[in-house]
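The values are calculated or read from the model by the stated rules, or taken from the named source; none is laboratory data. Nothing here was measured: the structure is a model prediction, and the numbers come from that model. As a convention, Cβ positions derive from the backbone with ideal geometry for all residues, glycine included, and neighbour counts pool all protein chains shown.
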Amino acid sequence: MTTTELPEYFFRVRDNGAFVYRIDTENRQRRIEMDQIAVVNIRNGEIKPHGGRTLSDTDLARIRQWMEDRSALLARRDMDDIHRAVDHLNLTAHWAQSRATDAQLAEVTDTLLLAMHDLREVLVRKKAARLSRDT
């Protein structure tokens, strides 16, 4: 595909999936037409044809490839978010130790302690389960 060519399919991302459009520029007016052909749900793998149409094998293959690529991207983003959360915890500790006022600490201490306690419980439980499976 060159920079002047449009892709054959467009995926309008939504929660849990996308609306799938077939792109058509081969019409008399040379306008871009987007014809919705399906709705996909990444969580359950469902592909629903739109408007009573039948999807071709090519359509299904392209949609499945997009779903696979999208799932991988979302998984990478999840891990990136977690690594950022670790950074934020470290920055929060530094803030609490060096710059926070008594009023600021009073505002966030209980909420932070409960969130960290909850996270610690989950992490310890999951680690214990992994260790017991590995032995």
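List of remarks:
- Looking across region 8-33, the residues that are surrounded by 11 or more Cβ atoms within 10 Å (Cβ to Cβ) and either farther than 18 Å from S71 by Cα or modelled with pLDDT under 80 (or both) come down to E8, Y21, R22, I23, D24, T25, I32, E33.
- Of the candidates R70, R53, the single residue that is of a type outside the set (A, V, I, L, M, F, W, C), surrounded by 11 or more Cβ atoms within 10 Å (Cβ to Cβ), in contact with a strand residue (DSSP E or B) (Cβ under 8 Å, 6 or more places away or on another chain) and modelled with pLDDT of 95 or more is R70.
- For A38, the conditions (1) surrounded by 13 or more Cβ atoms within 10 Å (Cβ to Cβ); (2) part of a helix (DSSP H, G or I) all hold with the exception of (2).
Matching residues to (1) within 21 Å of A38 (Cα to Cα); (2) charged (D, E, K, R); (3) without any contact (Cβ under 8 Å) to a residue 24 or more places away in the chain:
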site: G52; (1), (2), (3): yes, no, yes
site: V86; (1), (2), (3): no, no, yes
site: L91; (1), (2), (3): no, no, yes
site: R99; (1), (2), (3): no, yes, yes
site: L114; (1), (2), (3): no, no, yes
site: D118; (1), (2), (3): no, yes, yes
site: L131; (1), (2), (3): no, no, yes
